[in-house]
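Enquirer: Quick one: structure below, then a few questions.
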Amino acid sequence: MKRTVTEVLRRGFDSTVANWQVIAMRIAESILFAGIVIVSILAAIIPAVVAAGLSKDDIVNASDPRSAVITWLIDHALLFALIFVLGFVVLGVLIAIHSFVEGGSTQIYVDGERAAARGNASTRDAFRAFSIDRWLAGGASSWWRIFWLYNLAWSVGLVFVLVPLFITIIGMIAVSDTTGRVVIGCAGVALSVLILIPVSIVTSIWCAKAITICVARALPARESLRLAWRAFRADLGRHLAVAVIIFVISMALSSLASAFSIPMTITEHRIPTAALMFAPIRIVIGVVQGAVGAAIGSWFLACFVSMTEEH
């Protein structure tokens, strides 16, 4: 029996609160992500770019500045290739870590839904299922499938964005007039951004649904995506409604947190030392925003688990 959108949101909220430790794990993931990115930039990318050395004087004193820049780029093509490879590897590591966290979190919410179905679902404690061993087991057993699930889903989604960009490039090459190239380029980029927004929303919903199916039914990535797309199309209204409601709540909370920064920003423009004075407050606001984001993401996942575990 299908639950109403209100029931799905309530059950998802109850499961999120009962298993609040999942939010803590997501916050830890965000901190780990920030550390990995910062270390990667400080340890490899910045030293490599500095070592390559292209100063302002090199450009200004060159007889042909444009050729100087192009020559510098060609001479350091291997360097940029290595930076690209490094970025690709770091991105892969981040996706793998996120896949592990999503697998463990989903396993907890699946266990909570099943426990509530066996007991008294009217009480929030019925959804309590978190244990670090169970979370680690869920992540370890499903992270590889979720990793490829993300890669497959976003590869399909990005095709819809890359096609207009490819057509734009062809159009710019075909047109010799500079004004025409600018018009085609701007129009192509604008169209790609407009396509990217709905594609990102649909792909995010598709991934969330596929992850819940992948973990709950122990299915491979392709089968999970296929079943998730079928379920999404068959129950489009509820999945979109849940996603939109949670997105609106997320935006409202983010706007509320940002509103506290407005007076500080205005003051910093008038008093230079105010930036240092307000630094602790900004750190607190950033931490709160991160915690709210982790909670919203957990709620979203728990709601999709609730729909997947309907009987």
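Computed from the coordinates by the stated procedures, all read-outs in this text should not be read as laboratory data. Because the structure is a prediction, the values reported are computed rather than measured. As a convention, Cβ positions derive from the backbone with ideal geometry for all residues, glycine included, and neighbour counts pool all protein chains shown.
Enquirer: Separation of segment 94-126 and segment 156-179 by C-alpha centroid, Å?
Expert: 43
Enquirer: Based on the mean of other Cβ atoms within 10 Å per residue, sort peptides 14-23, 182-191, 205-214 so the most packed one is first. List each step's numbers first, then the result.
Expert: On the way: 14-23: 21.6, 182-191: 14.5, 205-214: 24.9.
Ranking the peptides 14-23, 182-191, 205-214 by packing returns 205-214, 14-23, 182-191.
Enquirer: Averaging sequence separations of C-alpha pairs under 8 Å and six or more residues apart, then dividing by the length of segment 99-176, give the relative contact order as a whole percent.
Expert: RCO, segment 99-176: 37 percent.
Enquirer: Counting Lys and Arg as +1 and Asp and Glu as -1, what is the net charge of the other residues whose Cβ lies under 10 Å from the Cβ of LYS2?
Expert: Cβ neighbours under 10 Å give a net charge of -1.
Enquirer: ALA129: net charge of surrounding residues, Cβ under 9 Å, Lys/Arg +1, Asp/Glu -1, itself excluded?
Expert: That sum, taken over residues with Cβ under 9 Å, equals +1.
Enquirer: Need the C-alpha centroid separation for segment 188-222 versus segment 10-43, integer Å.
Expert: One Cα centre to the other: 20 Å.
Enquirer: Run the numbers on segment 120-253 and let me know its relative contact order in percent, using alpha-carbon pairs under 8 Å that are six or more apart. Numbers along the way, then the final one.
Expert: Numbers: 87 pairs, mean separation 34.4, N = 134.
For segment 120-253, the relative contact order is 26 percent.
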